[in-house]
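Heads up: the structure comes next, in structure tokens.
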Amino acid sequence: MSTAAFPALQPYRARRVEFLRRADVDDWTLKLYAISAPECAVGPELVEHALRVGAAALPAPATTPQRYGVGFVVVHAAPARSYVLVCWWSGENEIHQRMFSAPAGRSESLAPHDGVAIGCVWELAVTDFERRAWLAHVLTRPAGPDLAGYLAEELTDVV
């Protein structure tokens, strides 16, 4: 296999993932994460707009026989764009997601992200962590799920 068709790639640079807090949005409880490129920051305005679009994207009601009223939001400040991934657990073992983006510095214009992306390598680190937490606290507990334990699991790391 030839790599001649690959464009010049930027060297991988780790980014900080930080658990910000749990947020109650309508009847949902969401874990809120921030990811920042080294030259960027997730500010309060971006977080506020992320929660606003998240509230509009989440299905209602939050809790049904197939939905558990819990999920996570990833807010990612990258050099060219800001990204918001709104994710929730459904159907026992599925993550449902909506992705939004806006030009960097223009969080008020967050809109559904064009294309079919599900996340970048940094965002997927959060998804992987959340998957493992869901397995540990929900799917491997035959006596019943431990949603409080799931919600207590938090990721803060450099990925």
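General observations
- Close pairs from the range 41-59: first over 12 Å from Leu20 (Cβ atoms) and touching a residue at least 60 places away in the same chain (Cβ under 8 Å), partner surrounded by fewer than 19 Cβ atoms within 10 Å (Cβ to Cβ) and not β-branched (Val, Ile, Thr), Cβ under 7 Å, at least 6 apart: His49/Glu108
Residues are listed down the side, and each one gets a yes or a no for (1) modelled with pLDDT of 95 or more; (2) touching a helix residue (DSSP H, G or I) at 6+ places or on another chain (Cβ under 6 Å); (3) closer than 22 Å to Arg13 by Cα; (4) of a type in the set (S, T, N, Q):
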{"site": "Ala56", "(1), (2), (3), (4)": "yes, no, no, no"}
{"site": "Ala60", "(1), (2), (3), (4)": "yes, no, no, no"}
{"site": "Arg67", "(1), (2), (3), (4)": "yes, no, no, no"}
{"site": "Phe72", "(1), (2), (3), (4)": "yes, yes, no, no"}
{"site": "Trp88", "(1), (2), (3), (4)": "yes, no, no, no"}
{"site": "Ser101", "(1), (2), (3), (4)": "yes, no, yes, yes"}
{"site": "Ser107", "(1), (2), (3), (4)": "yes, yes, no, yes"}
{"site": "Pro112", "(1), (2), (3), (4)": "yes, no, no, no"}
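- Meets criteria (in contact with a strand residue (DSSP E or B) (Cβ under 9 Å, 6 or more places away or on another chain) and either over 20 Å from Ala62 (Cβ atoms) or not β-branched (Val, Ile, Thr) (or both)) for Glu108: yes
- Test: residue in the range 69-88 that is surrounded by 11 or more Cβ atoms within 10 Å (Cβ to Cβ), polar (S, T, N, Q) and either within 23 Å of Ala125 (Cβ to Cβ) or touching a strand residue (DSSP E or B) at 6+ places or on another chain (Cβ under 9 Å) (or both): yes
Okay, residues lined up against (1) out of contact with any strand residue (DSSP E or B) (no Cβ under 8 Å at 6 or more places or on another chain); (2) assigned to a helix (DSSP H, G or I):
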position	(1), (2)
Phe100	no, no
Glu123	no, yes
Gly144	yes, no
Gly149	yes, yes
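- Against the conditions (1) surrounded by fewer than 16 Cβ atoms within 10 Å (Cβ to Cβ); (2) within 16 Å of the chain's Cα centre (by Cα); (3) modelled with pLDDT of 95 or more, Pro44 satisfies every one except (2).
The values are calculated or read from the model by the stated rules, or taken from the named source; none is laboratory data. Keep in mind it's a predicted model, so treat the numbers as computed, not measured. A quick note on method: Cβ atoms are made from the backbone with ideal geometry, for glycine too, and the neighbour counts reach across all protein chains shown.
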